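The values are calculated or read from the model by the stated rules, or taken from the named source; none is laboratory data. Note that the structure is predicted; figures quoted are calculated from it, not measured. Glycine gets a Cβ as well: all are built from the backbone with ideal geometry, and neighbour counts include every protein chain shown.
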């Protein structure tokens with residue numbers, strides 16, 4: 001499969017619409033073509049941002065069953081009645097689409113949206129921080145003694161800020177973000193031009209846990225808890241180096257935080 005064929009099929013691949021043969025061919029091409037792989041990551045990021053935002057709404061669970069029932073009723077009628085009722089169904093379907101769009105717009109304007117899952121929130125926050133450059137950093141500095149005090153008075157806790165430049169992870173700065181229905185600290189690092197967002201907020205329980213790893217759309221998310229705090233780091237950096245980063249953060253505070 002070449003780049004031109006991949007470009008035509010990429011949207012279908014992201015939406016899960018390709019058959020197994022085409023999927024395997026396309027994935028093989030993505031492993032060898034950096035340009036197409038970058039285009040794929042861009043589509044996945046956009047898809048995640050849209051699905052995680054307030055404009056995305058699932059239709060009612062019984063909508064499909066009601067449409068099927070209506071179509072079955074049409075099949076039992078004669079040609080004339082069938083034609084008439086199909087026209088009505090088409091009009092009704094259009095009204096459903098308009099109604100759902102209007103419903104979504106109403107919720108968007110009123111601000112009454114259902115919070116997405118924590119993983120999706122964190123991934124969306126990471127992607128958004130890179131898509132909107134003015135959102136990546138509120139305080140820009142490689143000095144931990146500048147970044148850490150900046151959070152004073154802005155949060156009800158003091159986040160950990162560690163200088164890891166000698167280990168190859170450059171402190172870029174920090175910002176305030178909003179995750180899990182509360183403000184959190186996001187301390188930003190870089191490694192070989194890969195951005196690492198380290199999110200921190202108080203934990204509900206004072207327990208210790210070893211890092212757990214998730215992978216979503218090419219991004220790795222590692223989480224752990226300790227000393228009454230919750231930590232999540234999100235990046236497209238390879239998992240091995242990301243785990244090394246977590247080990248360094250934990251070592252700086254005396255083990256599992």
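Selection over segment 231-257 of residues that are buried (at least 19 other Cβ atoms within 10 Å of the Cβ) and at pLDDT 90 or above gives a count of 10.
Take residue 20 and tell me if it is farther than 29 Å from residue 124 by Cβ, loosely packed, with under 11 Cβ neighbours inside 10 Å and either out of contact with any helix residue (DSSP H, G or I) (no Cβ under 7 Å at 6 or more places or on another chain) or modelled with pLDDT under 60 (or both). Spell out how you get there, then give the answer.
Numbers: farther than 29 Å from residue 124 by Cβ: yes; loosely packed, with under 11 Cβ neighbours inside 10 Å: yes; either out of contact with any helix residue (DSSP H, G or I) (no Cβ under 7 Å at 6 or more places or on another chain) or modelled with pLDDT under 60 (or both): yes.
Yes.
The set of residues from segment 1-17 being more than 21 Å from the chain's Cα centre (by Cα), surrounded by 15 or more Cβ atoms within 10 Å (Cβ to Cβ) and either free of Cβ contacts under 8 Å to residues at least 12 places away in the same chain or in a helix (DSSP H, G or I) (or both) comprises 6, 9. Hey, among the residues in segment 32-46 that are in contact with a helix residue (DSSP H, G or I) (Cβ under 8 Å, 6 or more places away or on another chain) and more than 26 Å from residue 120 (Cβ to Cβ), which one's surrounded by the fewest Cβ atoms within 10 Å (Cβ to Cβ)? This residue is 35.
Only a single criterion out of (1) more than 21 Å from the chain's Cα centre (by Cα); (2) surrounded by fewer than 15 Cβ atoms within 10 Å (Cβ to Cβ) is not satisfied by residue 164, namely (2). When residue 220 is tested against (1) more than 23 Å from the chain's Cα centre (by Cα); (2) surrounded by 15 or more Cβ atoms within 10 Å (Cβ to Cβ), exactly one condition is not met: (1).
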